[in-house]
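Just below is one structure, and these are the notes that go with it.
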Amino acid sequence: MRTFDELVDEAASVPVDGWDFSWLDGRASEQRPSWGYQRLLGERLRDVQSVVDIQTGGGEVLAGVPVLPPLTVATESWPPNLEKAAALLEPRGATVVADTDEPPLPFLDNTFEMVVSRHPVTVWWDEIVRVLKPGGGYLSQQVGPWSVFELVEYFLGPQTPEVRNSRHPDRAKAEAEQAGLEVVDLRFEELRTEFHDIGAVIYFLRKVIWMVPGFTVEGYLPRLRELHEELREGAFVATTTRYLIEARKSS
């Protein structure tokens, strides 16, 4: 058994740029949604000539699509992710654009046949409608309500119903329709997530920074020690939620 200090030192020093979670292999697991977002994305992109992937992260998901449209653009705000995305996507003819993740998007009206995004932090529906061509589509997999909140509340305590439901798919559907999109598909699933050591927890909270805002090892050291002792008895189990939303702009 590795000591608490060894696990903490390792997890606190490993890079967390990009959106690749392979460092967690064997240390944590997350059940995947049944719809297969990357497969769906590949199917949709076979039939279009232009796409923008908003908040692409390190570009890993888009780079895994077999065929990219002639005009493929990805946006990202975090400099380390920009470098990773450019390295993956530019050799395939895509353009990676630095963006602030605040409106407006740096594109002209009616530019893209598709707008896509996997796990966006914020969705600016009016901007999605603006840059979509008439008849264009939006495809996104998003983090749902109360996702991994067993872990969030372990550190932050009970959260209000408003916070727990802030990413509810019904709200996304209403906002998309208010912006002028027709929602053609909306699916929601609850999935099982397990953390097997305290290093996995630290890495996850360093990488997914909105889970426990302002998380640092030093700031939560006593609670981390408590969780380390609990993990000696078995995995920490949490519920991940995901939803798929697909929408279309009128012709």
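Scan region 111-142 for residues that are out of contact with any helix residue (DSSP H, G or I) (no Cβ under 8 Å at 6 or more places or on another chain), buried (at least 19 other Cβ atoms within 10 Å of the Cβ) and among the aliphatic types (A, V, I, L, M) and jot them down.
Those that are out of contact with any helix residue (DSSP H, G or I) (no Cβ under 8 Å at 6 or more places or on another chain), buried (at least 19 other Cβ atoms within 10 Å of the Cβ) and among the aliphatic types (A, V, I, L, M): Val131, Leu132.
With surrounded by fewer than 19 Cβ atoms within 10 Å (Cβ to Cβ), in contact (Cβ under 8 Å) with a residue 60 or more places away in the chain and among the aliphatic types (A, V, I, L, M) as the only criterion, which of Leu244, Leu186 stands out?
Every option except Leu186 fails the conditions.
Of all residues in region 169-207, which are in a helix (DSSP H, G or I), closer than 25 Å to Val131 by Cβ and small (Gly, Ala, Ser)?
Hits for region 169-207 are Ala172, Ala174, Ala176, Ala179.
Select, from Ala87, Ala74, the only residue that is surrounded by 17 or more Cβ atoms within 10 Å (Cβ to Cβ) and either modelled with pLDDT of 95 or more or over 20 Å from the mean Cα position of the chain (by Cα) (or both).
Matching residue, one of Ala87, Ala74: Ala74.
Which one is farthest from the chain's Cα centre (by Cα), of the residues in region 149-168 that are surrounded by 15 or more Cβ atoms within 10 Å (Cβ to Cβ) and not in a helix (DSSP H, G or I)?
Looking at the filtered set, the residue picked out is His168.
Suppose the filter is under 30 Å from Arg248 (Cβ atoms), touching a Gly at 6+ places or on another chain (Cβ under 9 Å) and modelled with pLDDT of 95 or more; does Glu127 pass it?
Considered against the rule, which asks whether it is under 30 Å from Arg248 (Cβ atoms), touching a Gly at 6+ places or on another chain (Cβ under 9 Å) and modelled with pLDDT of 95 or more, Glu127 comes out as no.
The values are calculated or read from the model by the stated rules, or taken from the named source; none is laboratory data. Quick caveat, the model's predicted, so the values are computed rather than measured. Neighbour counts are summed over all protein chains in view; Cβ atoms, including those assigned to glycine, are modelled from backbone coordinates with ideal geometry.
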